[in-house]
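For reference, the structure is listed below as structure tokens.
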Amino acid sequence: MAKYVLKRLLLLIPVLIGVTFFVFTILAVAPYDPVTVILGDGATEEAIEGMREELGLNDPLLVRYVNYIWDLLHGDFGKSYKTRLPVADQILRRFPNTILLATCSMVIAIVLGIPLGILSAKKQYSLLDNVATVGGLVSVSMPNFWLGLLLVILFALKLRWLPSQGMGEDPVAILKSLILPSITLGTGIMASIMRMTRSSVLETMRQDYIGTARAKGISEGRVTVRHMLKNALIPIITISALQFGNLLGGSMLTETVFSWPGVGRYMLDAIKTKDTPAIMGSVILMSVSFSIMNLLADILYAFVDPRIKSQYRSARRKKSFKGEGAAS
Amino acid sequence: MKRYLAFLLAALMLLSALAGCGEKKDPNGPSGSQGDGQPGGTAYKDTLCWAQASDVTSMDPHVGKETAAVTVTCNMFSTLMIVLGDEDPKPLLAESYQQLSDKDWEFTIRKGVKFHDGSEMTIEDVKWSLDRAINSNYVSYIVNFIDNVEITGEDTIVIHCKEPYAPILNNLSMPFSAIVPKAYIEEKGEEYFQLNPIGSGPYKLVEWNPGESVKLEAFEDYFGDKAQTKNLVMKVIPEAAQRVIALETGEVDIAYNIEANNLAQVQGNPDLVTLDEPSMTCYNYFFNLKKTDSPLADIRVRQAICHAVDSDLIIDTILNGTGIPATSMIAPSVAGYAESPKYEYDLDKAKSLMAEAGYADGFSLVMVVNDSQQRVEICQVIQQMLKEINIDVDIHSYEQATYINALNEGEHDMGFSAWITSTGDADYTYMPCYHSTQWGKPGNRSFFANEKADELIMAGRRESDIEKRKEIYKELNQVIYENCTQLFVCHPTNSYAMSKQVEGFILNNDGYNRLNYVLCRQ
């Protein structure tokens, strides 16, 4: 297992090289000059040339990429073209806020999505199932920024229960300011998880072993949780991990609507101002988050499905048998 | 199934209706901070909160030149001169000034001015700061008229200009020419200064949470008019609608960058007030005069276009009335503004001019614009208007840098421009936009070359008597009008919204509002 994890972590290296090279090249060949964006309309020719030199933009693309990777290997993500502040500091400063928002959104999505999915499956074609199906469809189709604004108008402007934007300073204020963006983000994901749970549970409940469990006189609750849900969990874990990985990369729209100081907003601002180092830093964070969440999903499979765990074990055993054979 | 769908839609409509239904505003708002009582019985907040769309790009006044940065830093740093509201430049860090010759100006510096770390500002700081600004890639264009700065006494400097330069006082009141502490920066380093800046302004920096907020506190030893409110907080709220909501809920007291479509919401709230001032920006279209084989090379065609466009209609519809029609690049609030003749909206005249030029059946042209939704919409309206005189407009919308490049290279027949006279002096616009040496990148995107215009531009730059300058610029406007270099649309309005409890807010046309006079009743 440890070897598998290590192998997967090592695989991150080519992934990151590929992603960084791809994004770096696209940004470099895009038909814009970052210096024009930074200095604006009134800049003199000397200022533009001076800035190009300062940013190393006169070097060939490959040289710039190699320099960038070399700096990256030394922990230097570069400085933002726009603010001249170190990108790594700015991302690390915002990342905990994004983790907080992503975690709360996932908790809402999982806590509501899985039970609703199970209930929908167990009461297929009932009123509850139909309402949940249509509700899920609406939630997935609803644009985040629209739902967010609607919630703000109702809960912040009209009812004055919650703050409309920003992130509070003390724990209670932070908690209050988390509610609306978490619901906004969590709603769409909840619908996906619910639909996935429903279809997965439906498939599992038709298996023979469920009938056997019931025939043995096991209580319905135990059949549902131990036999049905556990076997239906694999696709749910996959979708949850992918969604969480996505959220960790930052949710641009929601973070912008709620003025949440997270990585998503940082990336959006960077894209708007063609701030290459800031875009690269955000993309790297996004790729690493996504890959690690994928890996965690793979590891979790082993815990919920003994067959997968045994595959890891048998691979190890086979290797040790081979080793013994060679020794004898 | 249909029933359930109807049920769900009804629930959604209920949520929307609840969100839309009115409720009386809570006068105490969630952010009602504790204030210190003021004499006279009125209690004021000790913290004033304002919202703006973007964060500070840099706290260094010689780097952060974007309006979003300067709205904060102009409260922390001081300049030799200052412009407040519609006033003329007046001394701030300078105690007095005098013009020694055409090119030389002497400034006597105020004594006893302290930086936020308690150290006293010296004449060395002033020279060093101006030199630093001249060498800055970001802001040099504001001070590059200076040849050198010479210290001539314990508290006097002489600024030697490269050539006679009348707008010097306006340029020295720009926050980009702020005086910074030499010893502090040399000791702590540039990077440290960027995050921990100190100036000699009415407020000092307490905390900067990039992307989130900036907190400032009144500087007790400020040499000028003391800050009325103890603490200032700037919150970054990128969404325009959210800025208005935050104002309505009382989370902020002032909201900058109010968009035209949110104005009605503010105006409908009896607890809020809006402040509008025509900005120093001009929306206009450069006709490309470099393309000699284009129908636009015929002045009658250009005049026909100007007569065919109804600017009032554009202002009333797309800008929701937030703007005034433009007759030249210079807004009325800019120093050196002079009247200019105007091509009135007259479709019949436009049609007859087209026929006279031999283009009664029309032709097609390329209009270049950036990807701003509002600007593209303006282009679309003009596209429809020009159809009336059989001109088929092909709109090319690019992202900002590509768009600027297209204009510089002369790809356009008509190129949209939103030029800002940043210094508040007409020379800042006339020189780059009309002088024959300034084609392309510097600003002359009509590729206009006219000896008379060149002479007048240089004369305006050299003339320090404002009335005489206005006469020169009036003549220059006539030359521009006669050559019909551009289609002038409007000067859009800068809109701010604030709580009615706010007092003493002075709106600057450049958007760099000094907040040391502002109070907010509890």
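We did not get these values from a lab; they are worked out from the coordinates using the rules stated. Keep in mind the model is a prediction, meaning the values are calculated, not measured. Quick reminder, even Gly has a Cβ in these numbers, built from the backbone with ideal geometry, and neighbours come from all protein chains shown.
Per the Debye formula on identical point scatterers at the alpha carbon atoms of the range B:432-522, with no solvent, log10 I(q)/I(0) at q = 0.10 Å⁻¹ is -0.47. Based on the convex hull around the alpha carbon atoms, the protein assembly as shown presents an average projected area of 46.7 nm². The mean sequence separation of alpha-carbon pairs under 8 Å and at least six residues apart, normalised by the residue count of chain B, gives a relative contact order of 19 percent.
Note on residue B:45: lysines with a C-alpha under 26 Å away, same-chain residues under 8 apart excluded, are A:158, A:176, B:24, B:25, B:204, B:215, B:226, B:230, B:235, B:500. Charge tally for residue A:221 (other residues, Cβ to Cβ under 14 Å; Lys, Arg +1; Asp, Glu -1): +4. For chain A, the longest principal axis of the Cα atoms and the long axis of helix A:127-141 meet at an angle of about 10 degrees.
Using R0 = 22 Å, the C-beta based FRET efficiency linking residue A:310 and residue A:3 works out to 0.85.
With neighbours defined as other Cβ atoms within 10 Å of a residue's Cβ, the residues A:104, B:520 order from fewest to most as A:104, B:520.
State whether chain B is rounded, prolate or oblate according to the following rule on the C-alpha gyration tensor (a ≥ b ≥ c being the square roots of its eigenvalues): a/c under 1.5 gives rounded; otherwise a/b larger than b/c gives prolate, and the remaining case gives oblate. Oblate. Take every Cα-Cα pair in the range A:2-73 and report what % of them are more than 21 Å apart. Counting pairs separated by more than 21 Å, the tail of P(r) holds 44 percent. The mean sequence separation of alpha-carbon pairs under 8 Å and at least six residues apart, normalised by the residue count of chain A, gives a relative contact order of 24 percent. Once you sort the root eigenvalues of the Cα gyration tensor of the range A:39-84 as a ≥ b ≥ c, which label holds: rounded (a/c under 1.5), prolate (a/b larger than b/c) or oblate (the other case)? Because a/c hits 1.5 or more and a/b fails to exceed b/c, the range A:39-84 counts as oblate. Taking the square roots of 5 times each eigenvalue of the Cα gyration tensor of the range A:124-170, largest first, gives ellipsoid semi-axes of 30, 12, 10 Å.
Note: relative contact order over the range B:81-181, using C-alpha pairs below 8 Å and six or more positions apart, is 31 percent. Helix A:2-29 against the longest principal axis of chain A: what's the angle in degrees, Cα atoms only, rounded to the nearest 10? Around 40 degrees separate the two axes.
The residues packed around residue B:310, meaning those with a beta-carbon under 14 Å from its beta-carbon, carry a net charge of -3 if Lys and Arg are +1 and Asp and Glu are -1. Decide, for chain A, between rounded, prolate and oblate: order the square roots of the alpha carbon gyration tensor eigenvalues as a ≥ b ≥ c, take rounded if a/c falls under 1.5, and otherwise choose prolate if a/b is larger than b/c, else oblate. Taking the square roots of the gyration eigenvalues as a ≥ b ≥ c, chain A is oblate.
Using only alpha-carbon positions in the range B:65-211, the gyration tensor eigenvalues give semi-axes of 24, 17, 15 Å once each is multiplied by 5 and square-rooted (largest first). Among the listed pairs A:274/B:351; B:162/B:452; B:90/B:162, which are separated by more than 32 Å between their Cα atoms? Going by Cα-Cα distance, A:274/B:351 fall outside the 32 Å limit. Ranking A:17, A:6, A:56 by how far each Cα lies toward the positive end of the dipole of the range A:2-73 (charges on Cβ) leaves A:6 at the top. Between A:141, A:192, A:259, the Gaussian network model of chain A with springs among Cα atoms under 10 angstrom shows the greatest mean-square fluctuation at A:141. Using the Cβ of residue A:210 as centre and a radius below 12 Å, the other residues enclosed give a net charge of +4, where K and R count +1 and D and E count -1. At 10 °C and a viscosity of 1.306 mPa s, what translational diffusion coefficient does Stokes-Einstein give for the range B:282-493, taking Rh as the Kirkwood radius over Cα pairs? Give it in µm²/s as a whole number. In µm²/s, the coefficient rounds to 92.
When the P(r) of the range B:188-278 is calculated, the portion above 22 Å amounts to 45% of the C-alpha pairs.
Helix A:263-272 axis versus longest C-alpha principal axis of chain A: approximately 40°, rounded to the nearest ten.
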